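Colleague: The structure that follows is given in the form of structure tokens.
The values are calculated or read from the model by the stated rules, or taken from the named source; none is laboratory data. Because the structure is predicted, anything quoted here is derived from the model rather than measured. Because the Cβ atoms are built from the backbone with ideal geometry, glycine has one as well, and the counts that use them run over all protein chains shown.
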Amino acid sequence: MVDKSLELFDCGHRACGGCGPAIAAKLILKGTGEDTIVVASTGCMEVFSTPYPETAWKVPWIHSLFENAAAVASGIEASLKHNNRSEKVVCICGDGATFDIGMLCISGAFERGHDITYICYDNEAYMNTGIQRSGATPYDASTTTSPPGKYSMGNSRPKKDLPQILAAHGASYVATATVAYPMDLMKKVEKAVNTPGSCYIQIHAPCSTGWGFEGGKTIEVGKMALECGLWVNYEMENGKLVKAKKVKRVPVDGYLKAQKRFRHLFKPAPVTDEIAKIQAIADANAEKYGIDIVLKE
Ligand SMILES: Cc1ncc(C[n+]2csc(CCOP(=O)(O)OP(=O)(O)O)c2C)c(N)n1
Ligand SMILES: [Mg+2]
């Protein structure tokens, strides 16, 4: 088992207070251990952790373009294999890089079956460039490119189901996790890097600046997402769902109210039909993954 006391992502970086992705980076490296090469696309994490000539990474780390981390990782993995070396190759990339612009390279890497772990820290928008919507932005969230107003209630499309898309590529292991449950996150990362073939982990990583909540509430907001069913923690092996965390679900209202990106749904008055649509998304998740705790009479 990997030594989880090692701090391989150092303090002193320049993330915002309460940055979910920074917590994710720290936990991911506790799951991978030292024998790891990280490939990172451009985005907040790269900017706050590697302002030249400084770095927060205590493992080999390579910057790729916004769109090609999976291709860079594929090349590194092929070279390591050729040289009989055993380092783990791990991409750590934002949702914009993963869901949108890097999708072709990820699809190619997974189709070829490279022995890599691709991890998306999902803060649900392009945060580094000013909070633009991505394919991971949830329904009705306000971003600078999906502002609520006369013509819309925020982001008009639901979140893309990327874990299922990568499972359909034949990924050996696919999992979702959240920074709000660190032990679970580290366990899943450790499992992924020790599973041969292409693995994918998507981490719910609340962004205090982009979502609009106080930096001290990151873990609370993360837990709320899971408790209302808008985020589900599950694992898939070879395309099959093997585990999903059950919850005693609460309505989505609390999670939405905790963040300014959903403020327009409650002010000046609650927009009940839109809130009901978001509740329906949580209900559909609960049904799909069987997460509701049913109390026996
Ligand atoms: C080809 C290309 N297009 C646009 C950009 C500008 N750009 C840099 S980071 C970024 C957003 C990254 O979003 P995400 O992957 O979600 O990471 P986050 O900033 O949210 O951590 C964009 C649009 C770029 N670097 N390269
Ligand atoms: Mg992002």
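Colleague: Considering only segment 191-201, I want to know if a residue exists there that is within 16 Å of ligand 1 (Cβ to nearest atom), under 24 Å from Lys288 (Cβ atoms), in contact with a Phe, Trp or Tyr (Cβ under 7 Å, 6 or more places away or on another chain) and not in a helix (DSSP H, G or I).
Modeller: yes
Colleague: Would you confirm whether or not segment 170-189 contains a residue that is part of a loop (DSSP other than H, G, I, E, B), at pLDDT 95 or above, among the aromatic types (Phe, Trp, Tyr) and surrounded by fewer than 20 Cβ atoms within 10 Å (Cβ to Cβ)?
Modeller: Taking every residue of segment 170-189 in turn, at least one turns out to be part of a loop (DSSP other than H, G, I, E, B), at pLDDT 95 or above, among the aromatic types (Phe, Trp, Tyr) and surrounded by fewer than 20 Cβ atoms within 10 Å (Cβ to Cβ).
Colleague: Any chance segment 138-159 includes a residue that's within 15 Å of ligand 2 (Cβ to nearest atom), out of contact with any Cys (no Cβ under 7 Å at 6 or more places or on another chain) and closer than 30 Å to Thr36 by Cα?
Modeller: So far as segment 138-159 goes, no, none of its residues is within 15 Å of ligand 2 (Cβ to nearest atom), out of contact with any Cys (no Cβ under 7 Å at 6 or more places or on another chain) and closer than 30 Å to Thr36 by Cα.
Colleague: Could I ask something else about it? Among the numbered criteria (1) assigned to a helix (DSSP H, G or I); (2) within 16 Å of ligand 2 (Cβ to nearest atom), which single criterion is violated by Ala15?
Modeller: With (1) assigned to a helix (DSSP H, G or I); (2) within 16 Å of ligand 2 (Cβ to nearest atom) applied to Ala15, the lone miss is (1).
Colleague: Going by the conditions given, is Gly154 crowded, with 20+ Cβ neighbours inside 10 Å, at positive phi, more than 16 Å from ligand 1 (Cβ to nearest atom) and touching a residue at least 24 places away in the same chain (Cβ under 8 Å)?
Modeller: Spelling it out, Gly154 is indeed crowded, with 20+ Cβ neighbours inside 10 Å, at positive phi, more than 16 Å from ligand 1 (Cβ to nearest atom) and touching a residue at least 24 places away in the same chain (Cβ under 8 Å).
Colleague: Name the one entry in Phe99, Phe110 that is over 24 Å from Ser49 (Cα atoms), assigned to a helix (DSSP H, G or I) and either away from ligand 2 (no atom under 12 Å from the Cβ) or not basic (Lys, Arg) (or both).
Modeller: When all the criteria are applied, what remains is Phe110.
Colleague: Given the condition more than 10 Å from ligand 1 (Cβ to nearest atom), at pLDDT 95 or above, of a type outside the set (Lys, Arg) and within 22 Å of Ala205 (Cα to Cα), answer yes or no: does some residue in segment 71-86 qualify?
Modeller: No, that holds for no residue.
Colleague: Which one is farthest from Glu34 (Cα to Cα), of the residues in segment 100-133 that are among the aromatic types (Phe, Trp, Tyr) and more than 8 Å from ligand 1 (Cβ to nearest atom)?
Modeller: Phe110
Colleague: Also: Counting just the residues of segment 97-141 that are in contact with a Phe, Trp or Tyr (Cβ under 8 Å, 6 or more places away or on another chain) and charged (D, E, K, R), which one comes out farthest from Pro196 (Cα to Cα)?
Modeller: Asp140
Colleague: Taking only pairs six or more apart or across chains, which ones have beta-carbon atoms under 7 Å, a first residue in segment 161-185 that is without any contact (Cβ under 8 Å) to a residue 60 or more places away in the chain, and a second residue that is surrounded by fewer than 19 Cβ atoms within 10 Å (Cβ to Cβ) and of a type in the set (A, V, I, L, M, F, W, C)?
Modeller: Within 7 Å, the pairs are Ala180/Ile219.
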